[in-house]
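What follows is calculated from the coordinates using simple rules that are stated; it is not laboratory data. Everything numeric here is computed off the predicted structure, so don't read it as measured data. Counting neighbours? That spans all protein chains shown, and the Cβs are built from the backbone with ideal geometry, glycine included.
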Amino acid sequence: MRMRAAAVAACLMALWASVPATAAEKMTLDDAFRRVQQAHPNLRLVDARRDVLSAELDRAELRPSLNLGVGIENVVGTGERSGFDSAETTVTLASVFERGGKLEARRALAQSRIDGVAVEREAKRLDLLAEVARRYLAVVAVQRQREIADLEIEQRRRTVAGARHRFTAGASPQSVVFAAEAALSRAELERARALQREQSARQHLAALWGERDPQFAVASGNPYALPALDPFTQLADWLERTPEIAQFTGERRIREARLQLARSQATPDWNWEVGARHFRAGNDVGLLASISMPLGSRSRAQPEIRAAEAELALLEVERESTDVALYSTLAEAHGRYLSAQLEVRLLGRDVIPKLGQAEKAAERAYRAGAISYLEWAQLQAERTLARKQQLDAALDAQRALIEIQRLTGQSFVDGPATNEQGEDR
């Protein structure tokens, strides 16, 4: 289980593997993992529940109590054998002799519930790690969006400079300058929005460990680094080791213990009693003993036995339903990852570099008066749009990778990975 938790931590290793060593003061994904595991209340809640179940185990191991009784007869009444001189005092000690393995069944049920807590805690921990990875990725995403906005601002500033130069030379109207300045302002607005979203994303991340005023800076990562996955059939085989399935093993033990406890109720217990009776009239003492057994225990236990058997049979159906849901989720995430990975690669290899070349050629042509401002601005917009499209695809791939990682508990960072950000050539 702990190895699977470490694997989830590796699902975004590509995001922070490129962080320089000098950025030690920045928050890394590993730092976020540690803080959440130390402070998140969901994990503390599971630990507290273990204490409750331990107390229930102690209670289940208790044997039936001994009952001390005192009785006085013939103290008040009519006739010669009544009155204080004829009183009879009885002291008894009674209890129940349990039969049918009730004590062992109670102990097994309580212990199986304690064992199930460990699997439950591990499942919650893996879910939390996946949520940390998603929120950390959101911070990295807005950082990359800000970088795209910076590139667009640089483009638009060149456009403004070119438009002003041509306006001064009388080669274009002033409206072109205004349009270029408006496009620059829009790019600056996009950068300001990215800065605000980054602050919100950091607060959303810090909320996982209860920090209200985060002052840390998240280390920038590379969302375009997308590792190669194993074949889908292999991923599907790994589903058998996911915590969601492991929980059914623990739940089966619990329901089997409940069934055993219900079956033990069919065996009647013996109620025994021993004691002594003092006859005041003759100052005599007599010993007494009795044993009793309830009738009809087997028939009364049948409804509970049938209910426990039905719950045990229902568990297999629930497991099959979970298997189908997990397989469907894995198939969807796998397909989404491969599609986004292909989109990132093609955009970075073919589209963005060519648009970069076209935009540079358009700038030269515009300054030479061969094309209009709109043609140059359109190429700039298409280049920025392609970068945003590639980033969106990379982020979608990373989210799908986190889900695959959570489901399979495997790391996919050791093999070759694509790193197609799309540099201009």
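A few remarks follow.
- Helix 352-367 and the long axis of the chain differ in direction by around 30°, with both axes built from C-alpha atoms.
- Listed residue (LEU395, LEU93, SER220) projecting farthest to the positive dipole end of the chain, Cβ model: SER220
- Positive-pole candidate from ASN42, LEU68, LEU295, dipole of the chain, charges at beta carbon: ASN42
- Peptides 158-169, 249-260 ordered by average Cβ neighbours within 10 Å, highest first: 249-260, 158-169
- The computed Rg and Dmax of the Cα atoms in Å for the structure shown corresponds, within (1) 23.4, 85; (2) 20.7, 69; (3) 37.5, 140, to (3).
- Among THR384, PHE167, LEU346 the positive-end extreme of the charge dipole of the chain (Cβ point charges): PHE167
- About the Cα centre, charge dipole magnitude for the chain (Lys/Arg +1, Asp/Glu -1 at Cβ), debye: 1280 debye
- Under 24 Å from the Cα of LYS388 - lysines, other chains or at least 8 residues apart: LYS354, LYS360
- In region 343-397, trypsin sites (Lys or Arg not before Pro) in a DSSP loop with at most 10 other beta-carbon atoms within 10 Å: none
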